[in-house]
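Notes to accompany the following structure.
The values are calculated or read from the model by the stated rules, or taken from the named source; none is laboratory data. Just so we're clear, the structure is a prediction, and the values are computed from it rather than from any experiment. Cβ placement follows ideal geometry from the backbone for every residue including glycine, while neighbour counts extend to all protein chains displayed.
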């Protein structure tokens, strides 16, 4: 079983829809949670960074962490065609030496 | 502008011909790493470096070498490339291993 699971998609939505992207994880030691956005032929770009449980909002994006369920989400409001990309979740334990653990990414397609 | 720069962006080579992919960051980050990204497998870490002259294997190190002679540079060396090393490669850096990573734009390598 992978430490981090993410549905590969693609997830197709019309412009203006609310998008929900999710990851589940198995290791309760994860404390820091990130979402990266990766456009085709580009490197991953950090979108959201949260610590422990709760919500964090940045413009149209909201990151949500539910540590009791080992489940994280990224919500995109009023989705735009420019949001079409692959979204990767990533996690860190936050203490001592470690490395980022990534989900495999969900491809999102927002049609005009 | 804070960035991670990789070169070249695209490379086609033949089996067995040694090559080097360069990576440079201007953020004074201590931690740098190399990933390969393959469909369905996500990002897998090849090698990482905690600081100058300190490097270690990641999850898929076979067939690769790295060096860290200066803090800003972290080249990836393929001594004898093989077709199974055809992939999309990313260099990343972060303040330390417990912080979010910043990625380069990627190098698409094809070995024929």
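The strands (runs of 3 or more DSSP E) found wholly in the range A:8-112 and carrying at least 3 residues that are at pLDDT 95 or above occupy A:11-14, A:19-25, A:32-38, A:61-66, A:71-76, A:85-92, A:106-111.
Here is a yes/no grid of residues against (1) more than 25 Å from residue A:40 (Cα to Cα); (2) within 13 Å of another protein chain (Cβ to nearest Cβ); (3) not in a strand (DSSP E or B):
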position	(1), (2), (3)
B:12	no, no, no
B:34	no, yes, no
B:44	no, yes, no
B:50	yes, yes, no
B:56	yes, yes, no
B:60	no, yes, yes
B:69	yes, no, yes
B:88	no, yes, no
B:98	yes, yes, yes
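Among the residues making up the range B:101-111, those that are within 8 Å of chain A (Cβ to nearest Cβ) and buried (at least 17 other Cβ atoms within 10 Å of the Cβ) are B:101, B:102, B:103, B:104, B:106. For the range B:14-32, residues that are in a loop (DSSP other than H, G, I, E, B) and more than 18 Å from residue B:111 (Cβ to Cβ) total 5.
Only a single item in (1) without any contact (Cβ under 8 Å) to a residue 12 or more places away in the chain; (2) on the phi > 0 side of the Ramachandran plot is not met by residue B:53, and it is number (1). Kindly evaluate residue B:41 against the criterion of being free of Cβ contacts under 8 Å to residues at least 24 places away in the same chain and either surrounded by 14 or more Cβ atoms within 10 Å (Cβ to Cβ) or closer than 21 Å to residue B:108 by Cα (or both). Criteria met by residue B:41.
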